[in-house]
Amino acid sequence: MFESISNAIYAIDDVIWGWWIIILLFGTHVFMTFRTGFIQWKSISKGIKLSVTRDPEAEGEVSNFGALTTALAATIGTGNIVGVGTAIALGGPGAVLWCWLSGVFGIATKYSESLIAVKYRVKTKDGRMQGGAMYALSRGLKWQPFGKILGLIFAIFAGFASFGIGCATQVNAIANIVEENVGIPGWIIGIVIAVLTAIVIFGGIKSIANVCEKLVPFMAIFYVLGCLIILGINYDYIIPAIKTICTLAFTPGAAAGGLVGTGIMAAMRFGVARGLFSNESGMGSAPIAAAAAQTRNPVRQALVSSTGTFWDTVVVCLMSGLVIVTSVMKNPNINADEIEDGGVLTTLAFQQIPYLGPIILTLGIICFAYSTVLGWAYYGERAVEYFAGKKVIYVYRTLYIVVAAIAPIVALDVVWALADILNALMAVPNLIAVLLLSNVIAKETKKYINNLDAWSEEPVPVIDD
């Protein structure tokens, strides 16, 4: 019985994450790139500067940087480490280029979805900011009944997805790597993570943002330094690796170390899919955090939020890809043709750093996964509050902590598949919001892009809790 249910879920997952969702997501990325006037090339530097510029006089719960790091905490997870290796194992080294391109064009979608999240956000009577695709759909679309239905659908999918991709899978990854490298039983790790999570999430967005502001820069710098050390060791293979990645992104062929490119279809499918999974551009999750930011106009915070995709995919995922490809090409003992597990490829690459390599990888996965647990706790809470009310917040937090505690001892194959399905289904109503409100996005961009210090004249509506 259970096997039949599992097989049905896997079959649905294959259909949901077929070509149609990749075309919809990547197509939206390209369309919004043109619609926003190539926002990523014009204004990414402005977004980086604004992300470290506080705007305390503006309305909101947390700083620009706090909202960005909360979103990055949820976005930069095990997918950045293991996901890139999986893309290479399944789609060949050419998948790295398509993964990178999904990030470059995805900046425009992350900008767009964050802009409408801020523009259509609301405020509760106790001063909490609420926003995201559910509010953009219910308040922004002219046909409001349709928008409210889509907003409700998005919130339900996001709420349930948080338990899988945001919590169970991440805690399980932490438990596995700690048990493998340190020998501490998984159930103990689950309890520790559950306690640490409870301490943070019961403090709300301000507590989560405060932790993420400190954790995210540390974990990113720590991991990137590890990547730079390996690239320094493999310096003579960097240029050949780049050539191999670009060549095998479009044509089948073979390279050193058993690296095989099966052509543009496989490289694009797995590269784009892993890139979209990694940066979450178009899924509608990060805008929930963006809506809580202190910002004087929607464009200002949208620029800040768009840098999340830049750091996540354009920088971190690209470095992970180069580390793996150069390592395979340089080391004859790593035969990529015989390895289908992306985590194994990444582990073998980091083992090039004597003694410290496994430590860097272990700490990287722990920090990346735990930060994702915190970020998604906030996303899920806001989504559940939207469709079930404020009264269920503490129930949700309690269930989230319980899931964290038991995650190391449950089989997660089906959980991963369900999470993949829910993430894709989240993306559909969110992308509808972005596409149908593209005129609003273009208009707001034109209004504020050259006057980022201007104050929005639209008051934030106050709603009943």
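The values are calculated or read from the model by the stated rules, or taken from the named source; none is laboratory data. What you see is a predicted model; the values in this text were computed from it and never measured. When we count neighbours, we look across all protein chains shown, and the Cβ atoms used for this are built from the backbone with ideal geometry, even at glycine. Quick note on the areas: whole protein, heavy atoms, side chains included, nothing else; ligands and nucleic acids left out. Shrake-Rupley method; radii C 1.70, N 1.55, O 1.52, S 1.80 Å.
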Need a quick list: helices (runs of 4 or more DSSP H) entirely within the range 59-173 having at least 3 residues that are over 18 Å from the mean Cα position of the chain (by Cα), more than 30 Å from I409 (Cβ to Cβ) and not polar (S, T, N, Q). 94-119, 133-140, 144-163
Residue list for the range 52-73, restricted to those being over 21 Å from P217 (Cα atoms) and open to solvent by 20 Å² or more (accessible area, probe 1.4 Å): P56, E57, E59, G60
If you go through the range 83-104 one residue at a time, how many are among the hydrophobic types (A, V, I, L, M, F, W, C) and crowded, with 24+ Cβ neighbours inside 10 Å? 7
Residues in the range 2-22: is at least one open to solvent by 20 Å² or more (accessible area, probe 1.4 Å), at pLDDT 80 or above and not in a helix (DSSP H, G or I)? no
With the condition kept exactly as written, say whether any residue in the range 325-334 is closer than 15 Å to A71 by Cβ and hydroxyl-bearing (S, T, Y). no
For the range 178-188, how many residues are open to solvent by 20 Å² or more (accessible area, probe 1.4 Å) and either among the hydrophobic types (A, V, I, L, M, F, W, C) or over 27 Å from the mean Cα position of the chain (by Cα) (or both)? 6
Test set (1) farther than 30 Å from F38 by Cβ; (2) aromatic (F, W, Y); (3) crowded, with 24+ Cβ neighbours inside 10 Å - Y120 fails condition number: (1)
Taking K49 as the residue in question, decide whether it is free of Cβ contacts under 8 Å to residues at least 60 places away in the same chain, assigned to a helix (DSSP H, G or I) and closer than 30 Å to N210 by Cα. yes
What number of residues in the range 407-426 are at pLDDT 85 or above and either in contact with a strand residue (DSSP E or B) (Cβ under 6 Å, 6 or more places away or on another chain) or under 19 Å from Y370 (Cα atoms) (or both)? 2
Being in contact with an Asp or Glu (Cβ under 7 Å, 6 or more places away or on another chain) and either without any contact (Cβ under 8 Å) to a residue 12 or more places away in the chain or open to solvent by 40 Å² or more (accessible area, probe 1.4 Å) (or both) is the filter here; which residues of the range 189-215 pass it? K206
Residues located in the range 23-46, provided they are open to solvent by less than 20 Å² (accessible area, probe 1.4 Å) and assigned to a helix (DSSP H, G or I): L25, T28, H29, M32, T33, I39, Q40, S43
Among the residues of the range 22-40, the number that are aromatic (F, W, Y) and within 21 Å of the chain's Cα centre (by Cα) is 2
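Residues are listed down the side, and each one gets a yes or a no for (1) farther than 23 Å from I23 by Cα; (2) modelled with pLDDT of 90 or more; (3) open to solvent by 10 Å² or more (accessible area, probe 1.4 Å); (4) in contact with a Pro (Cβ under 8 Å, 6 or more places away or on another chain):
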| site | (1), (2), (3), (4) |
| --- | --- |
| A266 | no, no, yes, no |
| N279 | no, no, no, no |
| S306 | no, yes, no, no |
| E340 | yes, no, yes, no |
Go through the range 285-336 and report how many residues are in a loop (DSSP other than H, G, I, E, B) and more than 20 Å from T33 (Cα to Cα). 11
All positions within the range 85-114 that are hydroxyl-bearing (S, T, Y) and modelled with pLDDT under 85: T86
Could you tell me whether T169 is open to solvent by less than 10 Å² (accessible area, probe 1.4 Å) and modelled with pLDDT of 85 or more? no
Could you run through the range 216-231 and say how many residues are modelled with pLDDT of 90 or more and either basic (K, R) or open to solvent by 40 Å² or more (accessible area, probe 1.4 Å) (or both)? 2
Which members of the range 232-260 meet the condition of being modelled with pLDDT under 90 and buried (at least 24 other Cβ atoms within 10 Å of the Cβ)? L248, A249, L259
Name the residue, out of K125, K142, K110, K148, that is open to solvent by 10 Å² or more (accessible area, probe 1.4 Å) and either in contact with a Cys (Cβ under 7 Å, 6 or more places away or on another chain) or touching a residue at least 12 places away in the same chain (Cβ under 8 Å) (or both). K125
Would you mind stating whether I76 is out of contact with any Asp or Glu (no Cβ under 8 Å at 6 or more places or on another chain) and surrounded by 13 or more Cβ atoms within 10 Å (Cβ to Cβ)? no
